[in-house]
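A short write-up of the structure that comes next.
The values are calculated or read from the model by the stated rules, or taken from the named source; none is laboratory data. Nothing here was measured: the structure is a model prediction, and the numbers come from that model. For neighbour counting, all protein chains shown are included, and Cβ atoms are generated from backbone atoms with ideal geometry for every residue, glycine included.
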Amino acid sequence: LDVLSLKSESFTQKMNLITRGWGIAILILLLQPSALCLMGRYTIVIDPGHGGEDKGGEGQGGSIENEVVLSIAKRLKYELEARSPEVKVLLTRNKDHFVPIRDRISFANSNDAFLFLSLHTNGGPISSLKGFEVWYYNEGRMGGSRRFGEFIQEELRKILVDRGMKQERFLFLKKLKMPGVLVEIGFITNPLEELRLKDKIFKERIAHALSSAILRYIEEKG
Amino acid sequence: MKVKALRWILFGSILMGVIFAFIIIHQKEERPSYIAPPPSKEPPKKIVLYFSCPEMEGFVPESFWIERKQDLVDEVKLVLNRLIEGPKGNGLVATIPPKTRLRELYISKGIAYPDFSREFIENHWGGTTGEIHTVYSIVNTLALNFEEIEKVQLLVEGRGIETIAGHLDLRRPLSPNLRLISTR
């Protein structure tokens, strides 16, 4: 019953978001037709990591990273576009197939994205590891990545343990022309976190937290 | 008179030459024949291995001693195999995927090229944290223990690799990462 009530609550939340988001959009359009050009002016590229033969990490319960992050990415797109008509979300892949990393980057660059967010789940040799991490490549070149990461930390901290923001020489982030980060949403190698990552409601909470972080960044820098 | 003096000088010179030659020959005879010195046995070398701490927030050093070998490559291979075996200390976490073997090792111009078997990628647990700990436990262990090694380029089955788990850029040699070393 609890699960059912949570699901119906989440459905109501979703409907409220859509109604509110589009209600505001229609109102703006009625008052000022020029507002039409503001719709979808912020392109956000969401990159579900891995895909196809590159499955990524694997949990003991059979969860596979490329499927988990694709599912979260789709929810995030839905949530973001519902919350703000100014945002247009593009996914680097919308099904389970392999996309070379350089193609993901050129996709974001050629679409002149405002932000790039790569979604992954973490892994380690022991099952007790837990929490999320935010990674960025180079603050100087991409200016804004760190600030974007801080918003993500603040929002995700409400539902997951924060392992901090870290910097490393990543295979792909260095060629991005816009601020971009990689988020490791929990450890798929931890049976408890794997269970949570299977749960639809938990995935919606993650999507909500990430969309809040993106909207906060747009509000500050847009 | 002059002729007499010249004779004395000539006689004296010949006598001096004979004495000098005698001394030299005598010295040569007394010199002991060459015996190769016993190989100087170098003292054992302390090696620090970098394993992950239980929370995988960084590395904790674990040290051991090795007998010095004539060849640097043999020494480095010994150290890498010890890293593959995993930590002996309680609570530390292994960084190399199970069943990984060191196939070969090359060192050239300050860069070490360890060549691992395919299990290095196939049995990896994935994730950014997992990948970073695997890579830098090797790079730090080699570059911080051997002054002849500045950077490390990883090979798998004899070839360069782009990445292990899809995050870190491994197409070029890497320098050690000191930020990951815990002071615990």
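A count restricted to the range B:41-84 and to residues that are away from every other protein chain (no Cβ under 14 Å), free of Cβ contacts under 8 Å to residues at least 40 places away in the same chain and part of a helix (DSSP H, G or I) stands at 6. If you go through the range B:114-127 and keep only what is within 14 Å of chain A (Cβ to nearest Cβ) and either among the small types (Gly, Ala, Ser) or in contact with a Lys or Arg (Cβ under 8 Å, 6 or more places away or on another chain) (or both), you end up with B:119, B:123, B:126, B:127.
Give the number of residues within the range B:45-81 that are of a type outside the set (Asp, Glu) and buried (at least 17 other Cβ atoms within 10 Å of the Cβ). Explain how you work it out, then say what you get.
Residues of the range B:45-81 that are of a type outside the set (Asp, Glu), as a first pass: B:45-54, B:56, B:58-61, B:63-66, B:68-70, B:72-73, B:76-81.
Now narrow it down to the ones that are buried (at least 17 other Cβ atoms within 10 Å of the Cβ): B:47, B:49-52, B:56, B:58-61, B:76, B:79-80.
Count: 13.
Selection of the range A:170-194 for residues being within 14 Å of chain B (Cβ to nearest Cβ), touching a Phe, Trp or Tyr at 6+ places or on another chain (Cβ under 7 Å) and either basic (Lys, Arg) or more than 12 Å from residue A:133 (Cα to Cα) (or both) yields A:170, A:173, A:174, A:176, A:180, A:189, A:193.
Here's the yes/no breakdown for (1) over 17 Å from residue A:183 (Cα atoms); (2) among the polar types (S, T, N, Q); (3) at pLDDT below 95; (4) part of a strand (DSSP E or B):
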residue	(1), (2), (3), (4)
A:46	no, no, no, yes
A:68	no, no, no, no
A:75	no, no, no, no
A:82	yes, no, no, no
A:88	yes, no, no, yes
A:99	yes, no, yes, no
A:118	no, yes, no, yes
A:150	no, no, no, no
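Checked across the range A:130-143, the condition of being at pLDDT below 95, away from chain B (no Cβ under 14 Å), surrounded by fewer than 23 Cβ atoms within 10 Å (Cβ to Cβ) and part of a loop (DSSP other than H, G, I, E, B) holds for at least one residue.
Could you check, for the range B:143-161, whether at least one of its residues is more than 15 Å from the chain's Cα centre (by Cα), surrounded by fewer than 21 Cβ atoms within 10 Å (Cβ to Cβ), within 13 Å of chain A (Cβ to nearest Cβ) and without any contact (Cβ under 8 Å) to a residue 24 or more places away in the chain? Lay out the reasoning, then the answer.
First pass over the range B:143-161, keeping only residues more than 15 Å from the chain's Cα centre (by Cα): B:153-161.
Right, trim to surrounded by fewer than 21 Cβ atoms within 10 Å (Cβ to Cβ) and you get B:153, B:155-161.
Of the ones still in play, those that are also within 13 Å of chain A (Cβ to nearest Cβ) are B:161.
Going one step further and asking which of them are without any contact (Cβ under 8 Å) to a residue 24 or more places away in the chain, we end up with none.
Checking the range B:143-161: not a single residue is more than 15 Å from the chain's Cα centre (by Cα), surrounded by fewer than 21 Cβ atoms within 10 Å (Cβ to Cβ), within 13 Å of chain A (Cβ to nearest Cβ) and without any contact (Cβ under 8 Å) to a residue 24 or more places away in the chain.
When each of A:210, A:197 is tested for being assigned to a helix (DSSP H, G or I), within 14 Å of chain B (Cβ to nearest Cβ), in contact (Cβ under 8 Å) with a residue 60 or more places away in the chain and crowded, with 23+ Cβ neighbours inside 10 Å, the lone residue that passes is A:197.
Filtered by the rule that a residue be more than 20 Å from residue A:75 (Cα to Cα) and of a type in the set (Asp, Glu), the range A:87-115 gives A:103, A:112.
Would you mind stating whether residue A:95 is among the basic types (Lys, Arg), surrounded by fewer than 20 Cβ atoms within 10 Å (Cβ to Cβ) and within 13 Å of another protein chain (Cβ to nearest Cβ)? No, not satisfied.
Looking at A:112, A:54, just one residue is surrounded by fewer than 20 Cβ atoms within 10 Å (Cβ to Cβ), touching a residue at least 40 places away in the same chain (Cβ under 8 Å), acidic (Asp, Glu) and within 12 Å of chain B (Cβ to nearest Cβ), and that residue is A:54. Considering only residues that are buried (at least 23 other Cβ atoms within 10 Å of the Cβ) and of a type in the set (Gly, Ala, Ser), which ones fall in the range A:115-129? Of everything in the range A:115-129, those that are buried (at least 23 other Cβ atoms within 10 Å of the Cβ) and of a type in the set (Gly, Ala, Ser) turn out to be A:118, A:123, A:124.
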